[in-house]
Amino acid sequence: MTIKHDTAPQQTSAQESLAQIIGAQIPKPGDYGTPITGLGFFRREHPSPPVVCMVEPSIILVARGEKQLWVGGEGYPYDTSRFLITSLDLPANSEVLVASPEQPCLGLTLKLDLRMLAELIAQSDLPPTRDRSVAKGVGIGSVTPAMLASFERLLALLDEPESIPVLAPLIQREIHYRLLQSDQASRLRQITSVDGQGYRIAKAIDWLKLNYTSALRVDELAARVQMSTPTFHHHFRQLTTMSPLQYQKWLRLNEARRLMLNEHQDVSSAAFKVGYESPSQFSREYSRLFGIPPKRDIAVLRGQG
């Protein structure tokens, strides 16, 4: 006779344990790095409207509260029972749905190691994926007790920093394995399959991130990743919800925003530095993306800071 165990109390306890660790580590709202490579924490104390962000290939786990990521006009809500996973660098908008000073939204982000995923797939007995089609580069998965337990062990290392270099990689490997056992496994396996379209799009994105200031010839980029131009266009948009040119524009505008905010460059200098030939065109496209002109946007951001 099979005895079924109720995992809900176990899962709730693990979530609360994670929330307590994160809350103790970061007492003020914001995004914070940790001594563990690839691991970051976040804390929000109020709901907030969507803000522009770039999400790297990662898993985002909420220990308390609720958030939502918007990609291409589609919302992906996630909370203590659902994790967010992205398999590509995706331009997006992040929104806080549930948070308060008494019950802050707390969570973590762990960057995915796609090479580690590929190694685990090769070493496991999982049959190769037959579906070569590419879904979107973002998805929502169900949190499992095994996944939470591995994250608990990872966060516990913050109390013994001397053990982090040895034990953190082992636990991160287990987390990647748990993801390959989750309901998001097919998404990850498609993006790590070297003969799949998703892998080629990821390589194209890597090139764009390094060469966003250069003039983009889509046919040349498609040839670089060994795809026909129509096929490249189709799968790039399917995965990122953008065309390659729109993606490059997003990279340019966000880098220009960083230059103006952090390096105090003026609008024209920032525009030219990221590849624009016309400051007026830059200002128009910047206003469309961020909702207000560059100078006013930077003034608002500095006021918030």
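The values are calculated or read from the model by the stated rules, or taken from the named source; none is laboratory data. Small disclaimer: the values here were computed from a predicted structure and weren't measured. Don't worry about glycine lacking a Cβ; one is built from the backbone with ideal geometry, like all the others, and counts go over all protein chains shown.
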Quick one: would you say Glu74 is out of contact with any Asp or Glu (no Cβ under 8 Å at 6 or more places or on another chain), loosely packed, with under 13 Cβ neighbours inside 10 Å and either closer than 24 Å to Leu179 by Cβ or modelled with pLDDT under 90 (or both)?
yes
Identify, please: which residue in the stretch 55-84 is closer than 22 Å to Asn254 by Cβ and hydrophobic (A, V, I, L, M, F, W, C) and is, among those, nearest to the chain's Cα centre (by Cα)?
Val55
Tally up the residues in the stretch 11-33 that are hydroxyl-bearing (Ser, Thr, Tyr) and under 18 Å from Val55 (Cβ atoms), please.
1
Just for strands (runs of 3 or more DSSP E) wholly inside the stretch 43-93: which have at least 1 residues that are over 23 Å from Gln25 (Cα atoms) and of a type in the set (A, V, I, L, M)?
48-55, 66-71, 82-86
Answer yes or no: is there a residue in the stretch 259-267 that is of a type outside the set (D, E, K, R), touching a residue at least 40 places away in the same chain (Cβ under 8 Å) and either within 19 Å of Val138 (Cα to Cα) or not assigned by TED's automatic domain parsing to the domain that holds Phe282 (or both).
no
Residues in the stretch 193-216: is at least one closer than 17 Å to Thr86 by Cα, part of a helix (DSSP H, G or I) and of a type in the set (S, T, N, Q)?
yes
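Any residue that is surrounded by fewer than 16 Cβ atoms within 10 Å (Cβ to Cβ), closer than 30 Å to Thr231 by Cα and modelled with pLDDT of 95 or more - is there at least one of those in the stretch 101-114?
yes
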Could we say that Thr231 is polar (S, T, N, Q), touching a strand residue (DSSP E or B) at 6+ places or on another chain (Cβ under 9 Å) and either surrounded by fewer than 15 Cβ atoms within 10 Å (Cβ to Cβ) or not assigned by TED's automatic domain parsing to the domain that holds Glu74 (or both) here?
no
Would you mind telling me which numbered condition in (1) buried (at least 16 other Cβ atoms within 10 Å of the Cβ); (2) of a type in the set (S, T, N, Q); (3) more than 30 Å from Gly275 (Cα to Cα) Gln238 fails?
(3)
Go through the stretch 95-118 and count every residue that is touching a helix residue (DSSP H, G or I) at 6+ places or on another chain (Cβ under 9 Å) and either in a helix (DSSP H, G or I) or within 18 Å of Gly38 (Cα to Cα) (or both).
11
Given the criterion assigned to a helix (DSSP H, G or I) and at pLDDT below 95, identify the matching residue among Gln190, Gln248, Gln172.
Gln190
